[in-house]
1. Within the range 103-136, which residues are in contact (Cβ under 8 Å) with a residue 40 or more places away in the chain and among the polar types (S, T, N, Q)?
2. Determine if the range 341-359 includes at least one residue that is of a type in the set (Lys, Arg), touching a helix residue (DSSP H, G or I) at 6+ places or on another chain (Cβ under 8 Å) and surrounded by fewer than 21 Cβ atoms within 10 Å (Cβ to Cβ).
3. Between a residue in the range 151-180 that is over 22 Å from Arg255 (Cα atoms) and any residue that is exposed (fewer than 12 other Cβ atoms within 10 Å of the Cβ) and at pLDDT 85 or above, which pairs come within a Cβ distance under 9 Å, given they are 6 or more apart or on different chains?
4. Just one of Val287, Val321 is in the same structural domain as Ser372 (by TED's automatic domain parsing) and crowded, with 22+ Cβ neighbours inside 10 Å; which is it?
5. Would you confirm, using the coordinates I've provided, whether Arg197 is of a type in the set (D, E, K, R), closer than 28 Å to Gly22 by Cα and modelled with pLDDT under 80?
6. Within the range 312-330, count every residue that is among the small types (Gly, Ala, Ser) and in contact with a Lys or Arg (Cβ under 8 Å, 6 or more places away or on another chain).
7. Which numbered condition trips up Ile24, out of (1) under 21 Å from Thr327 (Cβ atoms); (2) outside any helix (DSSP H, G or I)?
8. Thr352 fails exactly one of the following numbered conditions: (1) over 14 Å from the mean Cα position of the chain (by Cα); (2) in contact (Cβ under 8 Å) with a residue 24 or more places away in the chain. What is the number of that condition?
Amino acid sequence: MDRPRFQSPRFLILYALAAAGGAIAYVPFLTILLPMQVTSLVGSADVEWLAYCAFAGAVAASIANIAFGWFSDATRNRKSWMLAGLGLSSAVLVSMSHARDMETLIGLIVLWQVFLNMMLAPLAAWAGDCVPDGQKGILGGLLAFSPAAGALAAAIVTYPGLAGPDARLVIVAVIVAACVLPAILFGAPTEFPELNRPTASDEKLIQTTETARSVVVRMWLARLLIQISEAALFAYLYFWFRSVDGSMTDSSVARIFSVILIASIPVALWTGRWADRTGRPILPLPVTAALGSAGLVAMALSFSLETAIAGYVLFGIATSVFLSLHTGQTLRVLPKPQTRGRDLGIFNLTNTGPSLVVPWMAIALVPVFGFSGLFYLLAGLALLAAFLLASLPRPR
C-alpha cells in the first residue's frame, strides 16, 4: 500500500507568504491610503465619495475574480496570470497618486481591482491544484497570517516620517512583489495529478451532483453569513466602543484589532493541524461559528468596557479562525477541478458582497434598536452558519 504523499513544507510556506502578499496588496490601500487621498481631493465630502469608491471597487473585484479564475482554468496556467496581475496591478496602484479628481481616481480603482484579481483568483486556485486533502487544515491555518500581514503592512507604510503619499504606494507594491514572487519562482510544488483530474460521467459524478452540490451551497451560505458579521463589526466597531466608553480612541481600537489578528494565528494553526490529524476537517467550522455567535451576544449584553472587549476578542478570534480554515476546506468540497478557479470566484462573492449589504442593515437597525439590536441579528446569522455546517456529512 502506497504511503500518502504530502506537499512540501517549502511550498506551503512560500504559498502562505504569497497569500499574505495578496492581503498586503489591498489592505493598506483600502483602509488607510485611499481614505486619506479621498479626503485630500474632496475634503468634507470624503465619506460619500469613499462609499462610491468602495461600491465601484467591490463590483469590479467580484466580476474580475470570477472571470480570471475561469481564464486560468481554461488555460491551465496559473503562474502567467499571477505574474501579469502582479505587474499590472502594481503599476496602477503606483499611478493612483497622480489622480487629480474623483472621477479619475474611481476609474483607476476599478482598473486596479481588475488587475489585482487577475493575480488573486489564480493564486487561490493554485492551492487547490497543489495541496492534498490531508493538508488543507494546515493550509487554512497558514492563511491566518494574511490578515495580520495586511494590518502590519498598513502600520509600516504609515509610520510617521517613513515616506510621503507617493512613496507609500511604491513601498506597498515592492512588499507585495517580494511576497508573491518567491512562490512563483521557487515554490516547485510536488505534483498531484489526482487533484486536477477532470470528473467523468460515472458514479462519482452522480454523487457529486446530488451530494456535493448541497455541501458547496451550505459552505457558501455559511461563509456569507460570517462575512456579513465581520464586515459590520469592521465598519462600526469604533463607533460601538465609543458608545460603551467615550474614552476609547482610534488607536486603542486598532491595538485590540491587532491583538486579535495575531492571537488567531497560533489558534488557527493548531486547529488546522488537529483537523488534518483527526480526519475531522469540517468540525472546527461550526464550533468557531458558534463561538463567534456567543461573542456577539456578549457584546450585545455588555455595559462595561471590559466585558465589551472580552466579547469582541471572542468573536474576533473565532471568526478569524473560521474564515482561514473555511478557505482551506472550500478547496476540498469543490466538485470539479477543471472549474476550480471559476468556482472560487463565486465563493469570493461572500467577501465582496457584504460591503454592499451591511450599511443598509446598520441604517435600519441602529437608530431604532441601538448597536445591541444589530449584534443580536449578527449573532443569529453566525448561529445559522454553525447549524448549516454542523449537519454536513463527515468526509471520507
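1. Once the filter is applied, which keeps residues that are in contact (Cβ under 8 Å) with a residue 40 or more places away in the chain and among the polar types (S, T, N, Q), the range 103-136 yields Gln113, Asn117, Gln135.
2. No, the conditions are met nowhere in the range 341-359.
3. Final answer for the pair search is Pro165/Ser40; Asp166/His98.
4. Val321
5. Yes.
6. Going through the range 312-330 one residue at a time, the tally reaches 1.
7. (2)
8. The number of the failed condition is (1).
The values are calculated or read from the model by the stated rules, or taken from the named source; none is laboratory data. What you see is a predicted model, and the numbers here were worked out from it, not measured in a lab. Virtual Cβ from ideal backbone geometry, glycine too; neighbours counted across all protein chains shown.
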